[in-house]
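Throughout, read-outs are computed from the coordinates displayed, never taken from laboratory work. On a predicted model such as this, the values are computed, not experimentally measured, just so you know. Reconstructed Cβ throughout: ideal geometry from the backbone, glycine too, with neighbour counts over all protein chains shown.
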Amino acid sequence: MSTDVTSELVFLARDPKHLTEKPYKLQYDPGEDLPRKNCTDELKGGIALRDMRGTEKEFGLDRQGFCVARLESQLSPEDFDDDAKVKQVYYAELKLMLKTLLGARRVEILEHGIRKRHQAFPVSTGKDYDYLQPTSVVHIDYTPWASKDSSERALGVKFSDYKRVQVVK
C-alpha cells in the first residue's frame, strides 16, 4: 500500500538580485535602515512526495545520485541531544559506514545540527533557542561553493589538492 502524497511546498522565488546579494529573512526587526527580508516565497503545489519505505534498494548512487543506507547506532535517541556523544560515538559509526559504502580512504564530518521545535514556533521569541528550529521552506544547507570553503577552513587543505570530493547530506 503506497502512502505517497501530493503536497504544496514553499520555495524561494527566483530573483536576479540574488546573483549578487544573498537572500535573507530576519526573525527580528532590524530597525528602519534594513528590510526584514530581501526575498519572497513561492508556493508550488502538486508536488509528489514518494514514500520510499520498502523500495530502498531501488535507489543507487550511480543511477539517482543518492542511496539509502541503514546505520544501527549505539546511541539512544536521547543521546543525540549530547554533542560530545554524537561527535565521539556517532561520528565514528558514520565515518566507518561511509568509508565502507563509498570506498573512501578519508571521511570528515564538518558539522551537524539538532532541530527541536520550540513551543512558540513559528513565532520568534526574539531570544536565542537551545536548538535550531524546524524550517518551513525547501532549502539546502550548502551550495557547492560553500562546501568547498567550509572544507578548506575545517581541514586546512586547499580544494585544488583534493583528488576527489563527495558531499553527503
Self-check item: Extended-chain gain in nm, criterion 0.36 nm per residue less alpha-carbon gap, GLN74 and THR3
Solution: 22.5 nm
Quiz item: Residue separation times 0.36 nm, minus the C-alpha to C-alpha distance between HIS112 and LYS25: what's the value?
Solution: 29.1 nm
Exercise. Only loop residues by DSSP count here, and only those with at most 11 other Cβ atoms within 10 Å; note down the chymotrypsin sites (Phe, Trp or Tyr not before Pro) in the stretch 44-153 that meet that.
Key: PHE66
Practice problem: Enumerate the calculated ³J(HN,Hα) couplings along the stretch 33-46 in order (Karplus 6.51 cos²θ - 1.76 cosθ + 1.60, θ = phi - 60°), each rounded to whole Hz, writing x wherever the residue is Gly or Pro. | Solution: 6, 10, x, 5, 8, 10, 8, 10, 8, 10, 8, 10, x, x
Quiz item: Can you give the Rg to Rh ratio for the stretch 42-107, taking only C-alpha atoms and Rh from Kirkwood?
Solution: 1.09
Quiz item: Loop-only check: which GluC sites (Glu not before Pro) in the stretch 49-150 are DSSP coil with at most 16 other Cβ within 10 angstrom?
Solution: GLU72, GLU108, GLU111
Quiz item: Any idea which of LEU12, GLY65, GLY54 is furthest toward the positive side of the dipole for the chain, if Lys and Arg beta-carbons carry +1 and Asp and Glu beta-carbons -1?
Solution: GLY65
Exercise. Only Cα pairs under 8 Å and at least 6 apart count here; give the relative contact order of the stretch 52-152 as a rounded whole percent.
Key: 14 percent
Self-check item: Difference of contour (0.36 nm per residue) and Cα-Cα distance, LYS44 to PHE59
Solution: 2.8 nm
Quiz item: Dividing the convex hull volume of the Cα atoms of the chain by its residue count, what figure in Å³ per residue is obtained?
Solution: 207 Å³
Self-check item: Per-residue HN-Hα couplings for the stretch 47-60 [Karplus 6.51, -1.76, 1.60; θ = phi - 60°; Hz; x = Gly/Pro]
Solution: 8, 7, 10, 8, 7, 8, 4, x, 10, 3, 6, 6, 9, x
Practice problem: Kindly provide the trypsin sites (Lys or Arg not before Pro) of the stretch 109-148 that DSSP labels as loop, not H, G, I, E or B, and whose Cβ sees at most 15 other Cβ atoms within 10 Å. | Solution: LYS116, ARG117, LYS127
Self-check item: 19 Å Cα-Cα reach of LYS25 towards lysines, excluding residues that sit fewer than 8 places from it in its own chain
Solution: LYS17, LYS37, LYS127
Quiz item: What Kirkwood hydrodynamic radius do you get for the stretch 1-51 when you take the inverse of the mean 1/r over all pairs of distinct Cα atoms, in Å?
Solution: 13.6 Å
Quiz prompt | Phi to ³J(HN,Hα) by Karplus 6.51 cos²θ - 1.76 cosθ + 1.60 over the stretch 92-104, Hz, x for Gly, Pro | solution = 4, 4, 5, 4, 4, 4, 5, 4, 5, 5, 9, x, 7
Practice problem: For the chain, calculate the relative contact order in percent as a whole number, restricting contacts to Cα pairs under 8 Å that are 6 or more residues apart. | Solution: 19 percent
